[in-house]
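> I have a structure here, written as structure tokens, and I will follow up with some questions on it.
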Amino acid sequence: MDKKATVLEIVNRLDKRYPNVKTALNFNSALDLLVATILSAQTTDVNVNKVTENLFKKYKTAYDYAKVSLEELENDIRSINFYKNKAKYIKNLANTLIEKFNGQVPKTMEDLVTLPGVGRKTANIVLWNAFGINEGVAVDTHVKRLSNRLGLTENTDPEKIEKDLMDITPREHWGKLSHLLIMLGREICKAKAPNHKICPLNDICPSSKT
Ligand code: SF4
């Protein structure tokens, strides 16, 4: 199988195992998802979801985050690690959204990556999960590791990996592919001990014997 056929087979098989896949972060709006993504750095999605349950009831717009004091916002997210820095990032984000985008989250990659702390990975996650737009493949640590193990790329730089994945994957699967690989990476193809035996991809994976 060439890489294009392999990636289609991967999507087909993982789609059956993880139907209706999407980000594990809870959100009601694109703004929620941006904030949740900032909070998720170096912590688990479960921890973030615990905090955002109340946070998203209190803060519904960029103006809500902009007008609250830094101390109050810190207090609202203090159970998350690095909460002081993260509160600053959220305030910065809210102010930029108000100054440049009328308080709305933009719907293009070009605009999203101008926001403080937002790179292609976060922009791809927001575009696909909040707006249903396939603009690229979000490459996080799981996608990076699995793409290499599955022989889809030899690159290690996330932007180069993303380009390789976009070249071999039909556009309508870009957003989904990322989340399917993340699910497999969390459940079976873990960094330290990949469980090849129970993996649904073991017969098409070049790393299944290593
Ligand atoms: S066969 Fe092993 S290395 Fe390949 S994707 Fe599955 S768990 Fe990962």
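> For the chain, divide the Cα radius of gyration by the Kirkwood radius and give the resulting Rg/Rh value with two decimals. Numbers along the way, then the final one.
On the way: Rg = 18.1 Å, Rh = 18.1 Å.
For the chain, the value is 1.00.
> Could you work out the relative contact order of the chain? I mean the mean sequence separation of Cα pairs under 8 Å and 6+ apart, divided by the number of residues, in percent. Walk me through the intermediate numbers first.
Numbers: 246 pairs, mean separation 44.2, N = 210.
Result for the chain is 21 percent.
> Would you calculate the separation in nanometres between label points at K163 and K107, each defined as 7 Å from the Cα along the Cα-to-beta-carbon direction?
2.9 nm
> Please name which of A87, N75, A5 has its Cα lying farthest along the dipole of segment 1-106 towards the positive end, using unit charges on Cβ (Lys, Arg +1; Asp, Glu -1) and the Cα centre as origin.
A5
> For a Förster distance of 22 Å, can you work out the FRET efficiency between the beta-carbons of K84 and N49, rounded to the nearest 0.05? Each step should come with its number before you reach the end.
Values: r = 21 Å, r/R0 = 0.94.
Computed FRET efficiency for K84 and N49: 0.60.
> Let me ask you something else. State, as an integer percentage, the relative contact order of segment 30-104 based on alpha-carbon contacts under 8 Å between residues 6 or more apart. Intermediate results must be reported in sequence, preceding the final value.
On the way: 61 pairs, mean separation 26.9, N = 75.
Here the relative contact order equals 36 percent.
> Residue by residue through segment 186-192, what is 3J(HN,Hα) from phi via Karplus (6.51 cos²θ - 1.76 cosθ + 1.60, θ = phi - 60°)? Round to whole Hz and write x for glycine and proline.
6, 8, 10, 8, 6, 4, 8
> Treating only the Cβ of Lys, Arg, Asp and Glu as charged (+1, +1, -1, -1), what charge dipole size does the chain show about its Cα centre? Round to the nearest 20 debye. Can you show the working numbers first?
On the way: 32 positive and 25 negative charges, 113 e Å.
Roughly 540 debye, rounded to the nearest 20.
> Mind giving me the nanometre distance, one decimal, between the label points for K58 and N26, set 7 Å out from Cα along Cα→Cβ?
1.6 nm
> Now for a separate question. Between N75 and N12, what is the label-to-label distance in nm when each label sits 7 Å out along the Cα-to-Cβ direction?
5.7 nm
> Sticking with this structure for a sec: Using the Karplus curve 6.51 cos²θ - 1.76 cosθ + 1.60 with θ = phi - 60°, work out ³J(HN,Hα) for each residue of segment 29-37 in order, rounded to whole Hz, and write x for Gly and Pro.
Whole-Hz 3J(HN,Hα) from phi for segment 29-37: 8, 4, 5, 3, 5, 4, 5, 4, 5.
> Something else now. Counting only the backbone N, which residues of segment 172-209 are under 12 Å from the spot 7 Å out from the Cα of M1 toward its beta-carbon?
Inside the label zone: 200-206.
None of the figures in this text is laboratory data; all of them are computed from the coordinates on show. Just so it is clear, the structure is predicted and the values come from calculations on it, not from any experiment. For neighbour counting, all protein chains shown are included, and Cβ atoms are generated from backbone atoms with ideal geometry for every residue, glycine included.
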